[in-house]
Amino acid sequence: MNFSEVFKLSSLLCKFSPDGKYLASCVQYRLVVRDASTLQILQLYTCLDQVQHMEWSADSLFILCAMYKRGLVQVWSLEQPEWHCKIDEGSAGLVASCWSPDGRHILNTTEFHLRITVWSLCTKSVSYIKYPKACLQGITFTRDGRYMALAERRDCKDYVSILVCSDWQLLRHFDTDTQDLAGLEWAPNGCVLAVWDTCLEYKMLLYSLDGRLLSVFCAYEWSLGIKSVAWSPSSQFLAIGSYDGKVRLLNHVTWKMITEFGHPAAVNNPKTVVYKEAKKSPPLALGHLSFPPSRAGACPLTATAESRYEVASVPVSLQTLKPAADRANPRMGVGMLAFSADSYFLATRNDNVPNAIWVWDIQKLRLFVVLEQLSPVRSFQWDPQQPRLALCTGGGKVYLWSPAGCVSVQVPGEGDFLVLSLCWHPSGDSLALLSKDHFCLCFLETKEGTGAAAGLRDGHV
């Protein structure tokens, strides 16, 4: 395993292109495009202000840079570096910007969600979509790029509009039986649209492409409801994470629950493997003794602290947090969940057990592995090509799990490199590790000559 040198970064804006050839990163108002294998700079663009959002087009030919404070979007071309586009929303303001699947239209959401403006890069035409709803996940596209579903709010009622992306014509428009629609997402096969209600009411609605209601799922009432949602890549399962600390799995045939996964504070099943991160005991050196001695666990794991995984013998008690019941958005329930690329595994995190990741075997519908870290897990992501999970905890290490085992790797370098987020290369051969002001690449399967110009360094396992 090799690491590149460290490069500057702002606002954790670092993304691989969809075709895997390029790596784009932002440093304040500059956009830097590198070769993803050698990390040589290919293009350098200067934006009008500090970039707050950056996104590749689906064909990897254009990059969108949004500056929300100024209501501006700039678009840059890799094939024609001298070509550029500037979109100014003016007094309407700007709160969100994204590409359409064809990579030739940009959707800008104005302040207060008054409208969505669709800008065409080819014809320079402009279309408007009224009444977009202000929610975390209010726009979703089918994977083939043909349709867009949009959450709307008008006359104190929720609606969903399905539009054809080729000409932005309305295909279907229907109301939803929700109090306050919180999000929607297409199944990967584009046949079913999942719509879920506010966390104050547990309700999951499933619609067909033509707007027919296929099923309604409600696990319980009179308590906080849905917190996270994920489709399996095969579209066979819909996982729903809830505030009660359970994940419920719906099947694609009857849309009924086939099982539920709990996240108790104790792991008792002897068939479950528990990997526990433990600090390595440093050799005793009298010159480095401190007085009074520091309390164990009083401070988070630093970038230079050494640790390793140990297989714990069950039963194992996990560290839990007591959520503040009198505050909004309590730290409880399943807040993160994701399927592996082959749909064989599901990784989850229960927010009141923040140091642990549960990995579930979907074929056997049972708990497979638990990873308990020394610090709360900040981010995790599956390898896009194989069942391999990468995670970080805000320390100086990156952690990898696969069915073959588990490893923790120290990120080499001078000073503290605290890994706050990470993202995989589309091939799964490398991993971008992001800190507050820097990023580096971790090459997992280096080919002969790969990265020769990047000054690779060996990582310590």
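The values are calculated or read from the model by the stated rules, or taken from the named source; none is laboratory data. Quantities reported herein were computed from a predicted structural model and do not represent experimental measurements. When we count neighbours, we look across all protein chains shown, and the Cβ atoms used for this are built from the backbone with ideal geometry, even at glycine. Accessible surface is based on the protein model in full, side chains and every heavy atom, while ligands, DNA and RNA are left aside. Shrake-Rupley method; radii C 1.70, N 1.55, O 1.52, S 1.80 Å.
Compute the separation of the alpha-carbon centres of the range 305-337 and the range 372-422 and state it in Å as a whole number.
The two parts, judged by their Cα centres, are 17 Å apart.
So how strong a dipole does the chain carry about its Cα centre when Lys and Arg Cβ are +1 and Asp and Glu Cβ are -1, to the nearest 20 debye?
Dipole about the Cα centre, nearest 20: 700 debye.
Which parts of the range 5-27 would a label at Q50 reach, counting a residue when its backbone N lies under 15 Å from a point 7 Å out along Cα-to-Cβ?
Only 9-13, 26-27 pass the distance filter.
Say the dipole of the chain comes from +1 at the beta carbon of Lys and Arg and -1 at that of Asp and Glu; which of C122, P18, W186 then lies farthest toward its positive end?
Final value for the positive-end residue is W186.
Give the relative contact order (percent, whole number) for the chain; include only Cα pairs under 8 Å separated by 6+ residues.
Over the chain, the number comes to 13 percent.
For an R0 of 30 angstrom, estimate the FRET efficiency from the Cβ-Cβ distance between Q43 and Q179 and round to the nearest 0.05.
Rounded to the nearest 0.05, the efficiency is 0.05.
Can you give the extra length, in nm with one decimal, that the chain gains between K69 and K364 once fully stretched, where that is 0.36 nm per residue apart less the Cα-Cα distance?
101.3 nm
Along the principal axes of its C-alpha atoms, what lengths does the range 1-59 span, in descending order and rounded to whole Å?
36, 27, 18
Where the accessible area of the range 306-430 is counted over protein heavy atoms with a 1.4 Å probe, how much of it, in %, is carbon and sulfur?
For the range 306-430, the apolar C and S fraction of the accessible surface comes to 47 percent.
Once you keep just the Cα pairs under 8 angstrom separated by 6 or more residues, what percentage relative contact order results for the range 88-223?
Relative contact order comes out at 13 percent.
Considering only protein heavy atoms and a 1.4 Å probe, what is the carbon-and-sulfur percentage of the accessible area of the range 43-89?
Roughly 45 percent of what the probe reaches on the range 43-89 is carbon or sulfur.
Find out how many positive minus negative residues lie around V33, taking Lys and Arg as positive, Asp and Glu as negative, among other residues whose Cβ is under 14 Å from that of V33.
0
Provide the gained length on full extension for the span T259 to Q385, in nm with one decimal, where the gain is 0.36 nm per separating residue minus the Cα-Cα distance.
Full extension from T259 to Q385 adds 42.7 nm.
Averaging sequence separations of C-alpha pairs under 8 Å and six or more residues apart, then dividing by the length of the range 199-249, give the relative contact order as a whole percent.
29
Can you give the accessible area per residue of the range 334-384, in Å², using a 1.4 Å probe?
29
Express the C-alpha Rg of the range 1-160 as a ratio against the empirical globular expectation 2.2 N^0.38 Å, rounded to two decimals.
That works out to 1.10 for the range 1-160.
Mind checking the full-extension length gain between K86 and T123? Use 0.36 nm per residue of separation minus the Cα-Cα distance, one decimal, nm.
11.9 nm
Test of the criteria: in the range 198-281, which chymotrypsin sites (Phe, Trp or Tyr not before Pro) are in a DSSP loop and have at most 12 other Cβ atoms within 10 angstrom of their Cβ?
When the chymotrypsin sites (Phe, Trp or Tyr not before Pro) of the range 198-281 are filtered for loop state and at most 12 Cβ neighbours within 10 Å, Y220, W222 remain.
To the nearest 20 debye, what charge dipole does the range 176-279 have about its Cα centre, counting +1 at the Cβ of each Lys and Arg and -1 at the Cβ of each Asp and Glu?
For this selection, approximately 540 debye.
Using 20 Å as the Cα-Cα cut-off, could you pick out the over-long pairs in K246/K364; K15/K436; K322/K364?
Pairs exceeding the cut-off: K322/K364.
Assign one of three labels to the range 134-243, namely rounded, prolate or oblate, based on the Cα gyration tensor with a ≥ b ≥ c the square roots of its eigenvalues; rounded applies when a/c is under 1.5, prolate when it is not and a/b is larger than b/c, and oblate otherwise.
The shape class here is oblate.
Of the heavy-atom accessible surface of the range 203-278 (probe 1.4 angstrom), what whole percent is carbon and sulfur?
The C+S portion of the solvent-accessible surface of the range 203-278 is 56 percent.
Could you compute the longest span of the chain free of trypsin sites (Lys or Arg not before Pro) located in DSSP loops and having at most 10 other Cβ atoms within 10 Å, not counting the site residues?
For trypsin sites (Lys or Arg not before Pro) (loop position, at most 10 other Cβ atoms within 10 Å), the longest site-free span of the chain is 1-123.
Given the pairs K8/K130; K227/K280; K157/K227; K69/K276, which span a C-alpha to C-alpha distance of over 32 angstrom in this model?
K8/K130; K227/K280; K69/K276
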